[in-house]
1. Looking at CYS250, CYS225, which one is touching a helix residue (DSSP H, G or I) at 6+ places or on another chain (Cβ under 9 Å) and without any contact (Cβ under 8 Å) to a residue 60 or more places away in the chain?
2. Based on what the data block shows, is LEU203 under 30 Å from ASN416 (Cα atoms) and free of Cβ contacts under 8 Å to residues at least 40 places away in the same chain?
3. Please indicate, with yes or no, whether at least one residue in the range 419-432 is open to solvent by 50 Å² or more (accessible area, probe 1.4 Å), modelled with pLDDT of 90 or more and among the hydrophobic types (A, V, I, L, M, F, W, C).
4. Does the range 300-311 hold any residues that are farther than 13 Å from LYS446 by Cα and open to solvent by 70 Å² or more (accessible area, probe 1.4 Å), and which are they?
5. Determine, yes or no, whether SER544 is farther than 17 Å from GLY213 by Cβ, surrounded by 14 or more Cβ atoms within 10 Å (Cβ to Cβ) and of a type outside the set (A, V, I, L, M, F, W, C).
6. Please state which one of TYR550, TYR518 is over 19 Å from the mean Cα position of the chain (by Cα) and either of a type outside the set (D, E, K, R) or open to solvent by less than 60 Å² (accessible area, probe 1.4 Å) (or both).
7. Could you tell me whether any residue of the range 468-475 is of a type outside the set (Lys, Arg), in contact with a helix residue (DSSP H, G or I) (Cβ under 7 Å, 6 or more places away or on another chain), open to solvent by 40 Å² or more (accessible area, probe 1.4 Å) and part of a helix (DSSP H, G or I)?
Amino acid sequence: MNVVVIEKNLAMTGMKIDEEFVPDRRIEVETDDEENEAEIHCDGEDNDDDETGSDSELISAETNSGFITASQSQNCSIDPWPQTYRQSMDMYTMPLQSMGTLKGASELNLNLPIKRSFGPTDDQSTLHNPLITETSLDKDQVPISTLPMKFSRISALRIPSLHDLPPPVEQCSFSQSVLNAINVLCGIGLLSMPYAFKEGGWLCLMLLLLGGGISCYTGILIKLCLERYDGLQTYPDIGQAAFGFVGRICIAMVLYLELFSSCVEYLIMMNDNLSSLFPLAQLDIGGIHLDSHYLCAIISTLVILPTVWLRNLSLLSYISAFGVVTLATVILCLLWLGVVDGIEYQPSGTALEVGNLPVAVGLIGFCYGSHSVLPNIYTSMKEPSRFPSAMLISFSIGFVLYTAVGVFGYLMFGDNIKSQFTLNMPPHYLTSKIAAWTVVVTPVTKFALTLTPIAFGIEELLPPSQQSSYAVSIIIRTALMFFTLLVALTVPYFGVVMALTGSVLMMLVSVIFPCACYLRLLRGQTTTFEITVCSLMILAGLISAIVGTYSSLSSIPG
């Protein structure tokens, strides 16, 4: 359907409207001609002779808010990047919905309430009321303040690949929201938790508690930021609302780097455990000798590669929901090994290892870095007011799981613990083999979901004629896959990559950005105590990022 935006002629109502509100009196008219859906003409030239000419074809994009408003009608061709982030991250919350809600990949239809541009809202109550009653208008002249705009009508035309994303997530119950939060919170960071105790000492228990409390608090700050303006749905939206287009780009780039680092971790994890299962595997081809490490890395890449070619990941996102099952399996295998198989405990370690403490902080920071998905969890809740309770429950469960794995793993393997405790489990036990194979299979189900948001973000930057090309999509995903392999082979240290990611990216996403955006968006409404707390957390996050980066890089062997 053609989407045509026309300005209302307010003079017919006999009302005197201030010029500030005149541009907002525009509506969306849909015709029945679906064949011309992809043709939207944006013309910045005024035509006084034709009231329904160029003026009727204006579609503006507010670059400071990220939503369709009237403040920049001349810049109608600009859509803030990235537009696909919300739907691609919805794949992390969709799997735990009712199976009846899966309808396949359909057209995205985001009905966002239109609001004035970000700025003073001294008289917001009057902005939501129509300035013209329906009785005074023809059927085609309905005030924009009473209509939701189909945002995807415009963005989908510019991004053809959007139709390959899963449908918008149905609303979640409270229990489903908690499960979604636990699924994204408790991941591969569990494998390195005993190693964190070795690096930082037994006082890592206090760091786990403190990190969980701070992360839970900043998660609630994200909720408050989302509530500040209508239509905010993603982390980049918050960044744009707080710091303009630059804020949106910076946050989006950090989020994509975080996802990429997780892909590197998945590949290293799969390679390490696969090579431990087949330590004698080797291959000589064309005069090139591949030992177990390189051979298993290549095999892991080739096994994962077909999954990243899929553009419709609805089914794969449901398979990834078994992350909760694999998580429980690995934990049970560790406890079974210590309790039933009777492995000898090796109590050791000190209360605090000051020299390696920044590395431990980075590892713990990685474990609590789920904030990129929290906006999706919040916006999909049936009862958004219960979001703080969901955060408290999920982070409490996460703290208990991380503590149990860290304490049991460190007691069982002592100072010999490796960056993944599955590598320490005696191979002759059945539970060890189950845990190892579980860790090997996990990246196959999760890697594509982690890489897809990055691929969609890159596709948005391509010319429109190439965005719908499946061949181009395969090339982009294949290139990302092999670039991940290159990084994994260059820095094949699971603990180092995790500590570095946690020290820099997770501190930005989970601590610094939420506090900075909260102080910016709610300035004038925050108490002195809140300002002080947020400022201290920003300072602590910056110090941790700097010191943690240095310590992580220094710990690289050789």
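The values are calculated or read from the model by the stated rules, or taken from the named source; none is laboratory data. Computed from a predicted structure; not experimentally measured. Glycine gets a Cβ as well: all are built from the backbone with ideal geometry, and neighbour counts include every protein chain shown. With ligands, DNA and RNA removed, areas are computed over all heavy atoms of the protein, side chains included. Shrake-Rupley method; radii C 1.70, N 1.55, O 1.52, S 1.80 Å.
1. On the way: CYS225 fails: without any contact (Cβ under 8 Å) to a residue 60 or more places away in the chain.
Exactly one residue qualifies, and that residue is CYS250.
2. On the way: under 30 Å from ASN416 (Cα atoms): yes; free of Cβ contacts under 8 Å to residues at least 40 places away in the same chain: no.
For LEU203, the condition - under 30 Å from ASN416 (Cα atoms) and free of Cβ contacts under 8 Å to residues at least 40 places away in the same chain - is not met.
3. yes
4. The answer is LEU302, TRP309.
5. Values: farther than 17 Å from GLY213 by Cβ: no; surrounded by 14 or more Cβ atoms within 10 Å (Cβ to Cβ): yes; of a type outside the set (A, V, I, L, M, F, W, C): yes.
It is false that SER544 is farther than 17 Å from GLY213 by Cβ, surrounded by 14 or more Cβ atoms within 10 Å (Cβ to Cβ) and of a type outside the set (A, V, I, L, M, F, W, C).
6. Working: TYR518 fails: over 19 Å from the mean Cα position of the chain (by Cα).
Step by step, each of TYR550, TYR518 is checked, and only TYR550 is over 19 Å from the mean Cα position of the chain (by Cα) and either of a type outside the set (D, E, K, R) or open to solvent by less than 60 Å² (accessible area, probe 1.4 Å) (or both).
7. Residues of the range 468-475 of a type outside the set (Lys, Arg): 468-475.
Okay, now just the ones that are also in contact with a helix residue (DSSP H, G or I) (Cβ under 7 Å, 6 or more places away or on another chain), so 468, 472-473.
In the following step, the residues that additionally are open to solvent by 40 Å² or more (accessible area, probe 1.4 Å) were identified as 468.
After this cut, where a residue has to be part of a helix (DSSP H, G or I) as well, the list is none.
Checking the range 468-475: not a single residue is of a type outside the set (Lys, Arg), in contact with a helix residue (DSSP H, G or I) (Cβ under 7 Å, 6 or more places away or on another chain), open to solvent by 40 Å² or more (accessible area, probe 1.4 Å) and part of a helix (DSSP H, G or I).
For (1) touching a His at 6+ places or on another chain (Cβ under 8 Å); (2) closer than 22 Å to CYS296 by Cβ; (3) open to solvent by 70 Å² or more (accessible area, probe 1.4 Å); (4) among the polar types (S, T, N, Q), each residue gets a yes or a no:
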| position | (1), (2), (3), (4) |
| --- | --- |
| PHE482 | no, yes, yes, no |
| VAL487 | no, yes, no, no |
| LEU508 | no, no, no, no |
| GLU530 | no, no, no, no |
| SER554 | no, no, yes, yes |
